[in-house]
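Engineer: One structure follows; several queries about it will come next.
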Amino acid sequence: MRVLKAAVIIMGVFIVLGYVYLGLEVYKRMTRSGEPAEAADDRPALSVTTAGEIALGLPPGARIAEMLAVGTRVVFRVTVPDGAERLYVLDPRDGTVGPVVTTGAAAPRPAPPTVPPIPPAVPVQ
């Protein structure tokens, strides 16, 4: 009977600790202002003019086809004159651009290496 009583108390403590952890995690995620987990120091900063304009540095003849707000980021779909499309991910809080995704024709893959044929096994006599 004592073992059962100890097991029930221990399980109750684990349940309470689980609820405390869950509550702290919910609080932490709700009060976070959308910062990424790792620092974004390696991303290039955009040039911001005095009027608050941000230059994306698009190639000549490119046009912005669509803009979409995703969380705390803005995604620009850009059509490039050669027919490919690019997706620019902009963080408006600090003016940095994330990785650029390029669509269009896939890059040619290198030919697989050729393996010389294996000579037939010579029967042992």
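The values are calculated or read from the model by the stated rules, or taken from the named source; none is laboratory data. Every value quoted in this text rests on a predicted model; they were computed, and no experiment measured them. Every residue, glycine as well, gets a Cβ built from its backbone with ideal geometry; the counts of neighbours run over all protein chains shown.
Engineer: State whether one or more residues within the stretch 50-71 are outside any loop (DSSP other than H, G, I, E, B), closer than 30 Å to Val101 by Cβ, out of contact with any helix residue (DSSP H, G or I) (no Cβ under 8 Å at 6 or more places or on another chain) and modelled with pLDDT under 80.
Structural biologist: yes
Engineer: Okay, next question. How many residues, within the stretch 72-125, are at pLDDT below 75, out of contact with any strand residue (DSSP E or B) (no Cβ under 9 Å at 6 or more places or on another chain) and not small (Gly, Ala, Ser)?
Structural biologist: Number of matching residues: 16.
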